[in-house]
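So the structure is just underneath, and the comments pick up after that.
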Amino acid sequence: MGRAHEVRAKAMAATAAKRSALFMRASKEIYMAAKSGEPDPAMNLALRSAIEKWRGQNVTKDVIDRAIQKAKGGSAEAYESGRYEAFGPGGSLLIIDTLTDNSNRAYIEIRTTIQKKGGHLGSVLFNFTETGMFVFKGNNRDEVEENLIMSDIDVREVNQDEDLVEVLVEPTAFAAARDVLNEMGIHEFETAEIIFLPNDPVQLSDPEDKRKYQELLDMLDELQDVQNVFTNVEE
């Protein structure tokens, strides 16, 4: 078939693997959220948040509905959350959150993947700040900030970027901030989750470090147990 076909086939396989991993991550998180309370997003904030989060990443309605139905069916399947910290190529730092039914598998696969790109596990969490983040369409930054402050929400920042509003709050204020935004008529979010923001973002200047770093992210993205990856690298 030739080299061009091989490259194209490999790219298609990688895309399929990433999509499959994405759907698996969404299914597990939505299932666990549905199991944590009522399997109805109208009555379960965690479930509603999970659904909106994964819809924003183009997860199909079918995947979402199957996960909820699985929870309704009383499945005994359970997943354990985990967190790994690592040093990557070129001074990159990573926080990797997992949701798995086999913690040994998750640990081995993550450690092996990081080592393949010259990195290693180690403590980096102190280089990040846990933050509640909301991003939604709008041009009402001042109004949003005023409403949050008047509702005694611990706001860190409210920013406007073209037609998007970004709200950063203390993690403990995440649910309350969401309620305030909902009361303002804001129900659709580009992002609505608790994340880790780097205290001192870095840029990778060496081409080889950039290549290894991107390959590392791609490899982690394909691991079935990985839910989120946070880094200190600016795009």
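FRET efficiency for the pair Glu157 and Met43, taken as 1/(1 + (r/R0)^6) with r the Cβ-Cβ distance and R0 = 25 Å, rounds to 0.20.
Let me make sure I get this right: for segment 109-235, a, b and c are the square roots of the gyration tensor eigenvalues over alpha carbons, sorted descending. Under 1.5 in a/c it's rounded, otherwise prolate if a/b > b/c, else oblate. Which is it? The partial results should precede the final answer.
Details: a/c = 2.44, a/b = 2.24, b/c = 1.09.
Prolate is the answer for segment 109-235, as a/c is 1.5 or above and a/b outweighs b/c.
Summary of the geometry: segment 38-69 and segment 99-127, compared by the centres of their Cα atoms, lie 28 Å apart. Compared with the dominant principal axis of the Cα atoms in the chain, helix 174-183 is inclined by about 50°. With respect to the chain, whose longest principal axis is taken over its alpha-carbon atoms, helix 3-35 is tilted by about 40°. For the chain, carbon and sulfur atoms together expose 48% of the accessible surface, with a 1.4 angstrom probe and every protein chain in place. Which of the pairs Lys61/Lys210; Lys53/Lys117; Lys61/Lys212; Lys18/Lys210 have their Cα atoms more than 32 Å apart in this structure? Violating the 32 Å limit, Cα to Cα: Lys61/Lys210; Lys61/Lys212.
Bridging of Lys72 to aspartates and glutamates at a Cα separation below 18 Å is possible for Glu29, Glu38, Asp40, Asp62, once same-chain residues fewer than 8 apart are set aside. Taking the average, over residues, of other Cβ atoms within 10 Å as the packing measure, peptides 150-157, 110-117, 130-137 rank 130-137, 110-117, 150-157 from highest down.
The Thr191 and Asn104 beta-carbon pair, evaluated with R₀ = 30 Å, returns a calculated FRET efficiency of approximately 0.40. Segment 195-235 and segment 155-181 have their alpha-carbon centroids 24 Å apart.
The values are calculated or read from the model by the stated rules, or taken from the named source; none is laboratory data. Keep in mind it's a predicted model, so treat the numbers as computed, not measured. Every residue, glycine as well, gets a Cβ built from its backbone with ideal geometry; the counts of neighbours run over all protein chains shown. Just so you know, the surface numbers come from the protein's heavy atoms only, side chains and all, with ligands and any DNA or RNA stripped out. Shrake-Rupley method; radii C 1.70, N 1.55, O 1.52, S 1.80 Å.
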